[in-house]
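Written out below as structure tokens is the structure these notes cover.
The values are calculated or read from the model by the stated rules, or taken from the named source; none is laboratory data. Only a predicted model underlies this, so the values are computations on that prediction, with no experimental measurement involved. Here the Cβ positions follow ideal geometry from the backbone for every residue, glycine too, while neighbour counts run over all protein chains shown.
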Amino acid sequence: MIEVYVICPGDELWKENLKKRGIDRPLQRYKEQAKQEIEFPNPAEGMDRIYKVTDGEIRLQMDSPRPEILDKARLELAEEAERIRREDEKVRERKELLESMKTRPFWHYCEVCGKKEYITAQQAFDSGWDYPPQMGDFGLLSPRTCGNCLLKDTLYWRVTTCEKVPLPIVVEDMLTPQELVIWRRIKGEPQSLLCMEEDGEND
Ligand SMILES: [Zn+2]
């Protein structure tokens, strides 16, 4: 059994508050406005007894049921559930994709010499690549090099040793066009490694 007590101001309290705020308009008009803007609980919402409490007096007030209130609430709940389901699905898809990157072949781009190979993470690791998921994480700045290239020539190195920016963060405005290509590719991982990139005009 659900009982609800709704405290509603009586005329005296209304008058007092209007006076306190220096408002000199008819009390009745404010009461009407409040009635429209503040909804009194409706039995359709599942309460067994609804009491209105005014100036210490308790009175049962069961308005006629308005089932349409529930339709709206149900619709909102359904929409919320759908939104959560879609978000969960996105998280799950990302997780599955990341899991698949451990075994499927994908494009490895050496950011230093420009070499590209469509190989698995294991094959890359065996031939000396520094590449996620074996080295570093997809989407986060770290070296992306083949077995012949050096850490000190990577964007990662330039960013983390840059004296102009005290924190190891990427400031896109400070990147050259080539560096920007590297950075966007890293940011877009692992999706950016699934299809071969079109060669840019610079090649
Ligand atoms: Zn290389």
* Are any of the residues in region 65-78 assigned to a loop (DSSP other than H, G, I, E, B), modelled with pLDDT under 95 and not hydroxyl-bearing (Ser, Thr, Tyr)? -> yes
* To do: Scan region 47-64 residue by residue and report those that are exposed (fewer than 10 other Cβ atoms within 10 Å of the Cβ) and outside any strand (DSSP E or B).
  => GLY56, SER64
* Could you tell me which residue of region 153-195 is farthest from the ligand (Cβ to nearest atom), considering only residues that are among the basic types (Lys, Arg) and in contact with a helix residue (DSSP H, G or I) (Cβ under 9 Å, 6 or more places away or on another chain)? => LYS164
* List the number of the failed condition for GLN123; all other conditions in (1) within 16 Å of the ligand (Cβ to nearest atom); (2) surrounded by 17 or more Cβ atoms within 10 Å (Cβ to Cβ); (3) assigned to a helix (DSSP H, G or I) hold. => (2)
* Check whether at least one residue in region 127-150 is surrounded by 14 or more Cβ atoms within 10 Å (Cβ to Cβ), within 14 Å of the ligand (Cβ to nearest atom), modelled with pLDDT of 95 or more and aromatic (Phe, Trp, Tyr), and report yes or no. => yes
* Within region 96-113, identify whether any single residue is assigned to a helix (DSSP H, G or I), within 16 Å of the ligand (Cβ to nearest atom) and modelled with pLDDT of 95 or more, and answer yes or no. => no
* Residues (more than 22 Å from PHE106 (Cβ to Cβ) and of a type in the set (A, V, I, L, M)) located in region 169-191 -> ILE169, VAL170, VAL171, MET174, LEU175
* To do: Kindly list, by first and then second residue, each pair from a residue in region 9-34 that is within 19 Å of LYS52 (Cβ to Cβ) to a residue that is not in a helix (DSSP H, G or I), limited to pairs with Cβ atoms under 6 Å and residues at least 6 apart or on different chains.
  => GLY10/THR54; GLY10/ASP55
